[in-house]
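Just so it is clear, none of the values below were taken in a lab; they were calculated from the coordinates. Small disclaimer: the values here were computed from a predicted structure and weren't measured. All Cβ positions, glycine included, derive from the backbone under ideal geometry; neighbour counts span all protein chains shown.
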Amino acid sequence: MSSPFSLEGRTALVTGGNQGLGKAFAFALAQAGARVAISGRRPEANRAVSEQAAAAGFEFAAITADITDDAQVTAMTEQAEESLGGHIGILVNNAGTCYHAPSFEVTDDQWSSVFDLNVRALWKTSLAVGAGMCRRGSGSIVNIGSMSGLIVNRPQWQPAYNASKAAVHQLTKSLAVEWAPHGVRVNALAPGSTKTEMAPVDRPDLRRHWIDDCPQQRAALPEEIAPSVVFLASDAAGFITGSILVADGGYTAV
């Protein structure tokens with residue numbers, strides 16, 4: 001009897017899959033049996049992850065794309081479909097960016113940059129990949145939100161990022177309801193503080209709020225967050241859609 005957590009025979013595209021959480025998601029999906037494509041802006045980083053995957057016995061299709069460009073979203077989707085045998089069954093919308101600054105110091109360019117990648121690019125990628133899912137009558141989309149879409153991080157202010165992740169959570173619910181009749185599930189994962197290149201969790205001045213206030217008294221490792229993506233993508237979550245799965249060590253519970 002096959003496990004409902006198995007992704008054998010499935011295909012997956014992970015945006016921003018060349019570092020941090022995205023890289024961990026790609027490897028976790030592959031370990032569960034999926035064929036994986038990753039995308040990212042930096043070809044050298046894409047190649048490095050693809051080589052690491054090969055050393056671990058996996059074959060990643062590495063696609064260079066700036067998904068804030070609509071034409072590149074289309075090209076990425078087509079290339080991923082071709083590399084994965086004709087369709088994408090799982091989409092992990094992971095690519096994102098953040099600027100740390102108090103509100104009065106956030107520039108218009110910074111605000112636009114955050115929303116262009118964190119929200120608009122996610123929207124456009126969901127449309128490009130979701131169209132095929134809806135035609136086939138099946139698919140799972142996992143959007144990477146954040147606990148920052150539920151609370152306000154202190155003391156390192158990031159208003160644009162917080163607002164963008166709240167938008168991701170609500171867009172997740174909207175697409176989930178609209179696409180459920182087509183057999184497509186859409187959920188979001190909201191990680192807490194995680195030790196990656198993007199999150200300076202080791203800074204002493206942030207520990208008081210980021211670590212000490214967390215019931216588990218530590219930051220997560222990417223490999224601890226990744227299984228939640230596998231779960232949401234798998235048949236084990238077959239009756240889950242429109243949900244925001246929080247993986248934050250209890251931070252938002254207090």
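With both residues required to sit in the range 11-249, DSSP beta bridges show an antiparallel share near 5%. Phi-derived couplings, Karplus 6.51 cos²θ - 1.76 cosθ + 1.60 at θ = phi - 60°, listed residue by residue for the range 77-93: 4, 5, 5, 5, 4, 5, 5, 9, x, x, 7, 10, x, 9, 10, 10, 7 Hz, with x used for Gly and Pro.
Summarising the label geometry, the points placed 7 Å from Cα in the beta-carbon direction at HIS87 and GLU59 lie 2.1 nm from one another. Peptides 161-170, 188-197, 130-139 ordered by packing proxy, namely the average of other Cβ atoms within 10 Å per residue, highest first: 188-197, 161-170, 130-139. Net length available on complete extension from ARG208 to VAL177 is 7.2 nm, with 0.36 nm assigned per residue and the Cα-Cα distance removed. Between the listed residues LEU245, ASN18, THR194, the Cα displaced farthest toward the positive end of the dipole of the chain, a dipole computed from Cβ unit charges relative to the Cα centre, is found at LEU245. From the square roots a ≥ b ≥ c of the eigenvalues of the alpha-carbon gyration tensor of the range 10-140, which class results: rounded (a/c under 1.5), prolate (a/b over b/c), or oblate? Oblate shape, in that a/c is at least 1.5 and b/c is the bigger or equal ratio. Restricting attention to the chain, the count of lysine pairs at 8 or more positions apart or across chains with alpha carbons under 19 Å apart stands at 5. Rounded to the nearest 20 debye, the dipole magnitude of the chain is 420 debye, with +1 charges on Lys and Arg beta carbons, -1 on Asp and Glu beta carbons, and the Cα centre as origin. Dividing the mean sequence gap of close Cα pairs (under 8 Å, 6+ apart) by how many residues the chain holds gives a relative contact order of 20 percent. Spatially, the range 43-79 and the range 14-30 are offset by 10 Å when compared through their Cα centroids.
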